[in-house]
Structures are given as C-alpha cells and as structure tokens.
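Where a number appears in this text, it was derived from the coordinates with a stated rule and is not lab data. Please read these numbers as outputs of a predicted model, since none were measured by experiment. We place every Cβ from the backbone using ideal geometry, glycine too, and count neighbours over all the protein chains shown.
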Amino acid sequence: MALGILAGPLHLRVTGLTVFRMWALPLAGTATMHLVGSVQKLIDGTPRKVQIVVEGTDDLFGTLRVPNVSQNERGEKVALMPGAHIEILMTVAVKSTTPSI
C-alpha cells in the first residue's frame, strides 16, 4: 500500500520535512477537493491506527482513523508520528457532480 492511499478515491499525502510523499494528479473526468489536517494521536490495537483531524470540517465528523502502515518512496514500511501534517485529495467522477451555485 503506497503512502496514504486508502480503499477508494481518497488519498493522503504527508507534507513538510518528512520522507513521506505521494504525488496524486487528478484523472481526466474527475473533480477534486483538497483538505488539510494533522495526526492527532496513535491508536493501539491490531492493526495500529492513526487518528487524523481534518481542518475545516464539522466537529462531529472531523476525524479519520486509518491503519498506520504505509510505505516511503523506497518501499520501506513506515508509520506516521503525532503532529505530522496531512494533505487530503478527494476525487469523484464528474458524472457524480452538479454545478455549484
């Protein structure tokens, strides 16, 4: 699993002074939305998870919990640390959108 790629069309990219990078370009026929957030805490269990707080969302829905197993550019397994800055790219098929007013 490449860094930050979740099941479906949601992609995460860790930014800043880290070795974690994933460049995602919008595909033809898709609309995109960018959000930012940060790793709030690590969650023990099997598998280990990371809780991400997404900026600009409603308080009730502003967190994501995803497995904390990723790969860096060299294919080595890595884990996110608390405070890591996250960029989220959401993509959706244009046929699933309507013009914004």
Problem - Eligible lysines near LYS41 by straight Cα distance, threshold 25 Å, same-chain separation 8 or greater - result: LYS49, LYS77
Completion exercise
Farthest towards the positive end of the dipole of the range 41-101, among LEU64, PRO99, ILE43 and with Cβ unit charges of +1 on Lys and Arg and -1 on Asp and Glu, lies the Cα of ILE43
Handout entry: Length released on extending from VAL54 to HIS85, taking residue separation times 0.36 nm less the Cα-Cα span
Key = 10.2 nm
Completion exercise
In Å, the Kirkwood estimate of hydrodynamic radius for the range 28-78 over Cα pairs equals 12.9
Completion exercise
Any residue on another chain or 5+ positions along whose placed amide H is under 5 Å from the amide H of VAL36 is listed here as GLU55, ILE88
